[in-house]
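Enquirer: Handing you this structure, nothing more for now.
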Amino acid sequence: MPGATRGTDLPAGRDTGLLGKKIAGYLVQGELGRGGMAVVYRARDLRLDRTVALKLLAPELARNDTFRKRFAHESKVAAAIDHPHIVPVFEAGETEGVLYIAMRYVPGQDLRAVLDREGPLPPAKAARIAVQVASALDAAHAHDLVHRDVKPGNILVAEGTDSEHPEHVYLADFGLTKKSLSLTGITTVGQFVGTLDYVAPEQIAGRPVDGRCDVYSLGCVVFETLTGAPPFRRDDDMALLWAHQYDPPPRLSAERPGLPEAADAVLAKALAKAPEERYGTCLEFVFALRTALESGRPAVAAPAAAPAPQGPQPPPEPPRWAQPVFRGIVERPERSPG
Ligand SMILES: Nc1ncnc2c1ncn2[C@@H]1O[C@H](COP(=O)(O)OP(=O)(O)OP(=O)(O)O)[C@@H](O)[C@H]1O
Ligand SMILES: [Mg+2]
């Protein structure tokens, strides 16, 4: 399992027999993965007879009152966002002192596992994934919700609908972020901090964050999907935090020769140290990236006999049958017959 397990004292399902146990009306069937503060199980919702992903939070979090309040509030906000690329939350609650979230079970793998298996992705695939994550993040930002923990482990990659959409991507874990932890002081007692590979400079500095911190993290994720590694790699956590705050990121095209240089400037802007120097939205970033990646492709040869027309061209005339419809709406010069 890619996510770290440091600091979690949640029992492993296999070890303690949570498998087969009923929790809040869900029958635990198998472990899907575990992170720093939770274990996620595949479970059967016995009321609706469907499979769900059931996330159980570490008991020490449930004992912290600030965390519980924040958990309740943020689960509510997250559940209110209805978006094709955000994992739908079905229910969040508490049973026997355990906080849990039931959400859509997403079959497939998280992006961490995809990258570990496949290495750097083809640019087109990386762009397809990035666009879906970006649209989810922008939707969340429109609800004043900042994710704050955008990373491959929170990006779930399921099978898409057809060959033009080979993968359908879900962003997971709104409202369950390190921020919730740091506010409660839990991280100060040596609890799990999580990966620092994708964290924005302003988060490190403890400055207020907005959607642009997700632009930065998405930039780090995109960098990794294209090159196989996040922009900053250092031997220890302090050096890594320093790098996010002060070191210029490496050039994308230097890390993966063959990528167009136009993409370097796009990544540099997404990874700017100051939020106001980044793209204003995640989609703005990803569309710029896509354009840059496509610019690197060999240009399609134009037919030799037809020189490109100069200057702006007038729009084509509507077909004959449609002309009565347009008459009176737009003044057009009368067409000469024939
Ligand atoms: N809705 C879901 N459907 C299927 N698998 C899921 C779902 N949600 C999470 N998972 C799996 O469970 C794993 C563990 O999730 P979890 O959020 O606990 O850890 P993480 O995201 O790796 O780290 P962190 O503790 O920082 O959030 C995920 O990486 C993912 O593979
Ligand atoms: Mg997660």
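Here, each number is a calculation from the coordinates, and none is a lab measurement. Quick caveat, the model's predicted, so the values are computed rather than measured. All Cβ positions, glycine included, derive from the backbone under ideal geometry; neighbour counts span all protein chains shown.
Enquirer: Stokes-Einstein at 37 °C, 0.692 mPa s, Kirkwood radius from Cα pairs: D for region 120-163 in µm² s⁻¹?
Expert: Working: Rh = 11.8 Å.
Rounded to a whole number, D works out at 277 µm²/s.
Enquirer: What's the extension gain from Arg63 to Ala205 if we count 0.36 nm per residue and subtract their Cα-Cα distance? List each step's numbers first, then the result.
Expert: Working: separation 142, 0.36 × 142 = 51.12 nm, distance 2.76 nm.
Stretched out fully, the Arg63 to Ala205 stretch lengthens by 48.4 nm.
Enquirer: Would you please state which residues of region 20-52 a label at Glu96 would reach in this model, taking the label point 7 Å out along Cα→Cβ and a backbone N cut-off of under 13 Å?
Expert: The answer is 20-28.
Enquirer: Return the ratio Rg/(2.2 N^0.38 Å) for region 215-304, where Rg is computed over Cα atoms only.
Expert: Numbers: Rg = 14.6 Å, N = 90, 2.2 N^0.38 = 12.2 Å.
It is 1.20.
Enquirer: Treat each spin label as a single point 7 Å out from the Cα along the C-beta direction, and report the His143 to Leu19 distance in nm.
Expert: 3.4
Enquirer: Around Glu31, which amide H atoms from residues at least 5 apart in sequence, or from another chain, sit under 5 Å from its own amide H, with H modelled in the peptide plane?
Expert: Residues meeting the amide H criterion: Arg42.
Enquirer: Using 5 Å bins from zero, what percent of all Cα-Cα pairs in region 42-131 falls into each bin?
Expert: Binned Cα distances yield the sequence 3, 11, 17, 18, 17, 15, 11, 6, 2, 0.
Enquirer: Quick one: check the C-alpha center-to-center distance for region 192-243 versus region 39-67, whole angstrom.
Expert: Region 192-243 and region 39-67 have Cα centres separated by 28 Å.
Enquirer: Counting only residues 5 or more places away or on other chains, whose amide H sits under 5 Å from the amide H of Thr51 once H atoms are built in the peptide plane?
Expert: Asp45
Enquirer: Want the number for Ile81 to Glu261: 0.36 nm per residue separation, take away the alpha-carbon distance, what's left? Before the final figure, lay out the partial values.
Expert: On the way: separation 180, 0.36 × 180 = 64.80 nm, distance 3.68 nm.
Additional length available on full extension: 61.1 nm.
Enquirer: Given H placed on each backbone N at 1.01 Å, which residues far from Thr95 in sequence or on other chains put an amide H within less than 5 Å of it?
Expert: Under 5 Å from the amide H of Thr95 lie the amide H atoms of Tyr100, each far enough along the sequence or on another chain.
Enquirer: On to the next question. Under unit Cβ charges (Lys, Arg +1; Asp, Glu -1), what dipole magnitude, rounded to 20 debye, does region 232-301 have relative to its Cα centre? Don't skip to the answer; put the middle values down first.
Expert: Working: 9 positive and 11 negative charges, 48 e Å.
Computed charge dipole of region 232-301: roughly 220 debye.
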